[in-house]
Each structure stands twice: as C-alpha cells, then as structure tokens.
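Encoded as structure tokens, the structure appears first; notes follow it.
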Amino acid sequence: AGHRPGCAPAQRRWWQRSIVLGGALITLAGNLVTYSRTGLLLLMLSFALVAVRGIVRVTPLHLAAGAILAAVAFFALPESLTSRVFSLESYTVSGSESLRHRLDLYSAGFRAFLDHPLNGMGMETTYRIFDYYDYPDKETIITVHNGYLQVALELGIPGLVTLLLFLTRIGRSF
C-alpha cells in the first residue's frame, strides 16, 4: 500500500502507534474512574480494529502479554467494577438500574425530539426533557446518554443529518 507524501511508512507507524497508545491509556484511565461498561467494551473493540487495520502489529507475544495483563487486572480491580462489567445480569433491564434509567431517558428524549424535529430544543437544554420524564435526580442529568439522540434533541433533523453525513464520510475514508 502507498504512503502519504513526505511521510515514510516507518515514521507514520511511529506516530500512529503513539496516538493509539495515548488514546488507549486515556480511555482506560477514564473507564477505571467512571466504571463505564460501554467504554471498556469499546476500548477492546478499538484494539481489535487497530490490529485488523494494521496500525499496530499484533504478535502471539502481544496476545499472551494482553491475556496476562487482563487476568491480573481482573483480580486487582475492585469487585464492584468487575461485577458491573462481566456480569451478564448487569446488561439486562431487570438487573441494571442504570439501564432502566437510560431507557427512560431515551424514551423521553425521543418524545421531546418528536415535538421539536426541525430545529431541536437548542444546545445545552437536556434539562427540558423533564417535561417528558420525571426523574428523581434531575440535577445529575446532563445528557441523554446517546450521542445521536442528543444531537437530534439539541439540533433537530438538520443537525442529525449533518452528523450522519460526516460520519459516513469518515467511514468511507477507511
């Protein structure tokens, strides 16, 4: 495969690896602080995609080191995190209060979007979904926990279409 003008393949791989490693470390730190299941799963998926795309070469030694690191991390991390991430029950509506609240937020956000489809409700107006959803900890909600719905809610159909076109363009570049 060709390379970019003025950037030899070895140089490109060095900076790509640095970006991947830096992003992985930031994401991992964020996940450990927030106990985010989705973030951890997306981090693992990202590693797989980076390996498949050839940005980082994965050898059997890398796989063995990763497996050992994962096993050590599993036993070293707090039980509250490992049970939240690895328990299948925590991914069901009946087993996760967080999931139940998110589904309620999605429903309220979608109803609010349907009431304001052309221009949305405006930026930073997530608090207005409480006209559609009675949540006990209203002060804690800053997002509907879904990027696409958040854009549709704030910017309406034009904003959502713009985001989807942008993501399609990025996707085609791969």
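The values are calculated or read from the model by the stated rules, or taken from the named source; none is laboratory data. On a predicted model such as this, the values are computed, not experimentally measured, just so you know. FYI the Cβ positions are ideal-geometry reconstructions off the backbone, even for glycines, and counts take in every protein chain you see. Ligands, DNA and RNA are stripped out before the accessible areas are found, and what is left, the full protein with its side chains, is counted by its heavy atoms. Shrake-Rupley method; radii C 1.70, N 1.55, O 1.52, S 1.80 Å.
Quick notes on this structure:
- Number of the exception - residue 156 against (1) in contact with a Lys or Arg (Cβ under 8 Å, 6 or more places away or on another chain); (2) on the phi > 0 side of the Ramachandran plot; (3) in a helix (DSSP H, G or I): (1)
- If you go through region 117-140 and pick out every residue that is open to solvent by 50 Å² or more (accessible area, probe 1.4 Å), closer than 22 Å to residue 157 by Cα and not in a helix (DSSP H, G or I), you end up with 5.
- Long-range neighbours under 6 Å by Cβ, at least six apart or interchain, first residue of a type in the set (D, E, K, R) within region 32-44, second buried (at least 16 other Cβ atoms within 10 Å of the Cβ): 37/85
- Condition check for residue 49: under 21 Å from the mean Cα position of the chain (by Cα), hydrophobic (A, V, I, L, M, F, W, C), part of a helix (DSSP H, G or I) and under 20 Å from residue 32 (Cα atoms): no
- The condition (being among the acidic types (Asp, Glu) and open to solvent by less than 70 Å² (accessible area, probe 1.4 Å)) is satisfied by just one residue among 97, 89, 154: 154.
- Annotation: residue 56 fulfils all but one of (1) in a helix (DSSP H, G or I); (2) open to solvent by less than 60 Å² (accessible area, probe 1.4 Å); (3) closer than 23 Å to residue 23 by Cβ; the unmet one is (1).
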